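See below for the structure under consideration.
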Amino acid sequence: MNIPFSPPFIDDAVINEVVDSLKSGWITTGPKVKALEEEIKKISKASEVLCVNSWTSGAIMMLKWLGVQEGDEVIVPAYTYSATALAVIHAGAKPIMVDTCEDFNISVEAIKNAITNKTKAIIPVDIAGFPCNYEEIMKLVSDEKIKSLFIASSEVQKKIGRILVINDAAHSLGALYKQGVPTGSETDVAIFSLHAVKNVTTAEGGAICLNLPAPFDNKELYTSLRQMSLNCQTKDAFSKSKAGGWRYDIIGLGMKINMADVNAAIGLAQMRQYPFLLAERKRIFNRYNGAFNQLSWAIVPPSIYNEKETSYHLYALRIKDITEMQRDAIIDEIAKKRVSVNVHFIPMPMLTFFKDLGYDIRDYPQAYKNYACEISLPIYPQLTDEEVSFIIDVVKEAYEVVINVVKDVFEALN
Ligand SMILES: *Cc1c(COP(=O)(O)O)cnc(C)c1O
């Protein structure tokens, strides 16, 4: 059996929706993007949703909109995909990395200790789809003492009057923070990724959820950010293509990061069946839990806890008391059986670019600990129960080979 890690979900509904866009004569930003935004708005309960061409470009645009400058700081977890910090650097600010908790998510205590009078934003990440402590983070930035540290250096920052919270919800579309309170509605901004390996995809894409407090008007904000995502051009291609609609203006320095309809079509067809897709991921997650909960060496990932429920995006298995080298050896054993697994994530301070900037993994002990024993198993709707059982057996055998056999040999030698 050959089991890929995360193939996209492409059924006839997806193909027909893409064909519909191709045949319509309109392939870039238009009605399909609008319809996808509406679907994501429904599931996230965000005030407004704006689709763009990636999570990364969406995050850069939101930080530019906030008006971050050289010397400004944005707090991010050390344990995430690099885009979280790279977006901050692209926008011209400095990522301040903090450690994570046992549940993989950013430590609110560590955020608190990292806040200075240069902090402009915090980007917590819902690792594997399990929601962060949004309420605690929003409470922290609204705290009078913390607010008194804040120095506003742009019109937008003045209007907010505090640190902005941009949730990296790349994994957590469909997750629940509380009963009836989905991810995407609880922080100032939340951004979903619609990249090919994510739970809903447009091949490449991102969806920005807007929930700014008064005096912001999220509808107006949506309109101006949409313009900003289209070079700050006063007319989009759709209105400009109509007879007589040729004149336009450029009113600022925007980006060119709009989503195309032909891409939106893929995600639109997936979103229309998302309850089913989510249930299928949960089915696999629970099968893994059923097997690994019985093994003393396995730590199963957080799924339902304190009213939160994950989006079941990743199955981040951890193995007790093993070293990073042993974990790597277990992955090699698994690969021999042609099962593709992954590690989420290599903490950013372990990657060359960030090391060269001076970040040091020794400052993030929990991030390292989570990373060193983590193996992400395949989890997607197309996996059959037989395949899941096969993966479970392969993982168990790999553990036996690497840990128990080595231990037996060691004991025999002594
Ligand atoms: C995938 C991912 C991103 C980046 O998403 P893109 O749409 O590829 O830009 C950001 N953060 C996390 C945690 C991710 O997993």
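Measuring between their Cα centroids, segment 85-102 and segment 223-276 lie 28 Å from each other.
Given Cα pairs under 8 Å that are at least 6 residues apart, what percent is the relative contact order of the chain? Before the final figure, lay out the partial values.
On the way: 816 pairs, mean separation 91.9, N = 414.
Relative contact order comes out at 22 percent.
For the pair R247 and N286, label points projected 7 Å from Cα toward Cβ lie 6.2 nm apart. What pairs from K41/K139; K120/K147; K198/K336; K41/K159 go past 18 Å between their alpha carbons? Result: K41/K139; K198/K336; K41/K159 exceed 18 Å.
The label-point distance for K45 and K320, in a model that sets each label 7 Å from Cα toward Cβ, rounds to 3.8 nm. Taking GluC sites (Glu not before Pro) across segment 340-414, none is in a DSSP loop with at most 10 further Cβ atoms lying within 10 angstrom of its Cβ. Measure nothing fancy, just the Cα-based angle from helix 12-24's long axis to the longest principal axis of the chain, in degrees from 0 to 90, nearest 10. The two axes meet at around 30 degrees. For an R0 of 35 angstrom, estimate the FRET efficiency from the Cβ-Cβ distance between K369 and E38 and round to the nearest 0.05. Approximately 0.25, to the nearest 0.05. Applying 1/(1 + (r/R0)^6) with r as the Cβ-Cβ distance of Q69 and D408 and R0 = 60 angstrom yields a FRET efficiency of 0.50. With the cut-off at under 20 Å, measuring from each backbone N in segment 249-264 to a point 7 Å along the Cα-to-Cβ line of T234 picks out 249-256. Choose one answer from P124, P213, P301: the residue with the largest mean-square fluctuation in a GNM of the chain with alpha-carbon springs under 10 Å. Of P124, P213, P301, the Gaussian network model singles out P213 as fluctuating most. Go through segment 240-287 and name the trypsin sites (Lys or Arg not before Pro) that are in a DSSP coil and have 10 or fewer other Cβ atoms within 10 Å of their Cβ. Answer by residue number: K242, R247. I need the shape label for the chain. Rule: rounded when a/c is under 1.5, else prolate if a/b > b/c, else oblate, with a, b, c from the alpha carbon gyration tensor. In terms of gyration-tensor shape, oblate. When the label point is put 7 Å from the Cα of T116 along its Cα-to-beta-carbon vector, which residues of segment 352-368 have a backbone N closer than 16 Å? Those under the cut-off are 358-360. Taking 20 Å as the cut-off, the amide N atoms of segment 178-203 that come nearer than this to a point 7 Å along the Cα-to-beta-carbon line of D20 belong to 200-203. With the simple model of a label 7 Å out from the Cα in the direction of the Cβ, F390 to Q273 spans 2.2 nm.
Every number in this text was worked out from the coordinates using simple rules, so none of it is lab data. None of the values given here were measured: they were computed from a predicted structure. All Cβ positions, even for glycine, are placed from backbone atoms using ideal geometry, and neighbour counts span all protein chains on display.
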